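Undergrad: One structure coming up, written as structure tokens, with questions to follow.
The values are calculated or read from the model by the stated rules, or taken from the named source; none is laboratory data. Everything quoted here is computed from the prediction, not taken from an experiment. Note that we place each Cβ from the backbone using ideal geometry, even for glycine, and neighbour counts take in every protein chain shown. Accessible surface areas use protein heavy atoms only, side chains included; no ligands, DNA or RNA. Shrake-Rupley method; radii C 1.70, N 1.55, O 1.52, S 1.80 Å.
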Amino acid sequence: AALSVVGTLALPVPARLPLALASTAPTLARGAVTLATRGVKVQVLDALSIGVAILRGELFTASAAQFLLELSECIEASTGRRSDALIRKLLQPNPESAMVERGGEVVRLPFAALVTGDRVHVGAGDLVPVDGTVREGGATVNQSSVTGESLPIPREPGDPVLSGSALVEGRLVVEAERVGDATTTARIAGFIRESLGRRGQTQRLAERLADRRVWISLGSGAAVYALTGDARRLESMFLVDYSCAIKLGSAVTVKTALYRSARSGILVKGGPALETLAGIDTVVFDKTGTLTHGTLEVTDILPFQPEAWPRERFLATIASVAEHSTHPVAAAVVGMARAEDMAHIRHEEVDFVVGHGLATRVAGGLLRIGSRHYLTDHERVEFGGRTDELDALESDGKTLLHVALDGRPLGVIALRDRPRLDAAPTLRALRAMGIARMVMVTGDRRVTAERVAAGLDLDDVVSEADPERKAAVLRGLKQAGRRVAFIGDGVNDGPALMTADLGIAM
């Protein structure tokens with residue numbers, strides 16, 4: 001079209017008409033087909049505008065109008081491509097290849113060659129390429145990109161793993177149950193790509209209004225021609241009163257909003273979600289990972305033998321061993337010891353019990369650090385005399401790091417999620433934007449929930465709520481006439497995210 005515009009000015013007169021017809025033929029043909037199959041729509045007005053110009057010999061005008069049409073379509077397509085490309089970049093990609101057992105050997109195969117039943121070997125730092133079940137090995141797996149869980153989780157034989165998860169440490173042999181386009185990562189990617197193509201009510205309304213305006217344009221043009229008999233004025237009416245601008249503006253606006261949101265780290269489920277967001281008057285928050293960071297800080301240090309192991313020695317020893325691990329619990333303990341400028345305690349080489357904890361010899365004894373499951377079930381360390389105390393800490397929403405020396409309990413370190421410093425300002429900003437009601441729902445105990453809610457100016461706090469109760473709270477608000485958005489993170493928030501008018505996943 002651009003060459004046609006230049007050609008209708010620079011080429012000899014005999015060559016201008018064939019060039020203009022070649023440039024505008026797709027629009028003329030589309031208008032004729034639309035008239036024959038769907039009736040009077042925007043495409044018909046496009047064809048009439050350009051056709052009248054050609055019939056009157058206004059070849060430059062026809063070519064310029066065609067150029068503007070193609071430019072508008074190019075803008076919309078380019079915005080869409082940039083949105084799609086950015087989202088594909090933001091999604092965890094599938095690995096190009098994987099290590100698979102074939103014919104009694106472990107060989108590297110392309111990702112597309114994986115089949116159900118394959119035994120896939122995954123090492124530290126690798127992405128899991130399939131959905132499946134662990135058959136051998138042990139590892140700590142980071143599933144945050146798939147499930148939103150903030151802390152890496154241990155995986156051992158019999159446990160499920162999801163594609164897109166990353167192995168922090170250890171090694172696994174996974175039996176593939178879903179591969180290729182059936183994996184969790186592929187289905188998430190497909191869902192997002194599909195959602196980008198969904199048109200919202202506003203966009204559909206704009207298209208209907210644009211089609212209706214065609215009749216107004218045709219009627220106005222006929223009236224002008226009837227009154228003046230001037231075909232040039234008729235041509236001007238068709239060219240100036242361009243209905244496609246209504247339709248184009250809405251589409252480009254939606255695509256641009258999706259693109260700019262994606263650049264800010266927000267993946268939006270198409271135009272309908274944007275429209276729903278505009279009408280929200282109530283926001284319900286999950287606590288963990290939403291109003292809190294999802295990262296840990298040390299809250300309690302409890303040595304069981306304070307005379308032999310006072311707080312300073314206990315914490316410094318645990319931190320000296322934990323600094324060899326990249327686990328978030330270990331990082332929190334090490335960070336506290338460094339903040340208090342504690343000395344490093346000498347110890348022997350550290351053994352990593354992948355997915356469970358650490359072991360080393362210190363002060364002449366065998367020190368083990370890890371979960372209660374690891375120490376109690378695997379190492380037969382009994383915490384029976386401290387059960388009530390430990391249960392109270394856990395019921396207060398704290399994560400416990402258990403420590404044993406020579407098979408006897410030595411102490412625990414309790415950690416808890418840190419509240420977000422920007423939570424209160426963000427909620428105040430939401431109030432200023434017109435959000436009338438804000439509620440927090442959490443599975444934590446009342447005392448923990450109220451501690452986080454303090455100073456947040458929430459209208460209500462619902463504690464000890466399982467996933468079903470969270471969804472019930474949302475249904476109650478909707479039945480009361482509220483337009484509800486739910487903000488959460490993690491698989492356990494799935495029912496609430498689906499029940500809300502708009503689900504926002506951190």
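Undergrad: By accessible area of protein heavy atoms, probe 1.4 Å, what ranking do LEU405, LEU19, LEU415 get, highest first?
TA: From most exposed to least exposed: LEU19, LEU405, LEU415.
Undergrad: Put a dot 7 Å past each Cα toward the Cβ at ALA222 and ASP466; how far apart are the dots in nm?
TA: Going from the ASP466 label point to the ALA222 one covers 6.8 nm.
Undergrad: OK, next. For ASP118, what residues show an amide H to amide H distance below 5 Å, using hydrogens built from the backbone and excluding near sequence neighbours?
TA: ALA176
Undergrad: Using 0.36 nm per residue, how much length does the chain from ASP406 to VAL115 gain when fully extended, once their Cα-Cα distance is taken away?
TA: Numbers: separation 291, 0.36 × 291 = 104.76 nm, distance 4.66 nm.
Taking ASP406 through VAL115 to full extension adds about 100.1 nm, to one decimal.
Undergrad: Once the piece of chain linking GLU348 and GLU177 is laid out straight, how much longer is it, given 0.36 nm per residue of separation minus the C-alpha distance between them?
TA: Answer, rounded to one decimal: 57.4 nm.
Undergrad: Assuming R0 = 51 Å, can you tell me the calculated FRET efficiency for the pair LEU421 and GLU101, based on Cβ-Cβ distance, to the nearest 0.05?
TA: E between LEU421 and GLU101, to the nearest 0.05, is 0.55.
Undergrad: Could you work out the local net charge near ALA337, counting Lys and Arg as +1, Asp and Glu as -1, over the other residues with Cβ closer than 14 Å to its Cβ?
TA: Its environment carries a net charge of -2.
Undergrad: Given Cβ point charges of +1 (Lys, Arg) and -1 (Asp, Glu) and nothing else, what value in debye, to the nearest 20, does the dipole of segment 443-506 about its Cα centre take?
TA: Values: 9 positive and 11 negative charges, 39 e Å.
The dipole magnitude comes to about 180 debye.
Undergrad: To continue, here is another question. Would you please give the FRET efficiency between ARG313 and GLU394, computed as 1/(1 + (r/R0)^6) with r the Cβ-Cβ distance and R0 = 35 Å, to the nearest 0.05? Intermediate values should be presented prior to the final figure.
TA: On the way: r = 25 Å, r/R0 = 0.71.
Computed FRET efficiency for ARG313 and GLU394: 0.90.
Undergrad: Using θ = phi - 60° and the Karplus relation 6.51 cos²θ - 1.76 cosθ + 1.60, list the HN-Hα couplings for segment 56-72 in order, rounded to whole Hz, with x at every Gly or Pro.
TA: So the J values, rounded to whole Hz, are 8, x, 7, 5, 4, 4, 4, 5, 5, 5, 4, 4, 5, 4, 5, 5, 5.
Undergrad: Could you pull out every residue, at least 5 positions away or on a different chain, whose amide H is within less than 5 Å of the one on VAL284? Hs are placed 1.01 Å off N in the peptide plane, and Pro or chain starts have none.
TA: For VAL284, the qualifying residues are VAL439, ALA485, PHE486, ILE487.
Undergrad: Would you please give the residues with an amide H less than 5 Å from that of ALA98, counting only those at least 5 places away or on a separate chain, with H modeled from the backbone geometry?
TA: HN-HN under 5 Å from ALA98: LEU109, PHE111.
Undergrad: On to the next question. Debye calculation, C-alpha points only, no solvent: report log10 I(q)/I(0) for segment 310-390 at q = 0.13, 0.14, 0.19, 0.25 Å⁻¹, in the same order as the q values.
TA: Taking Cα atoms of segment 310-390 as identical point scatterers yields -0.42, -0.49, -0.89, -1.30.
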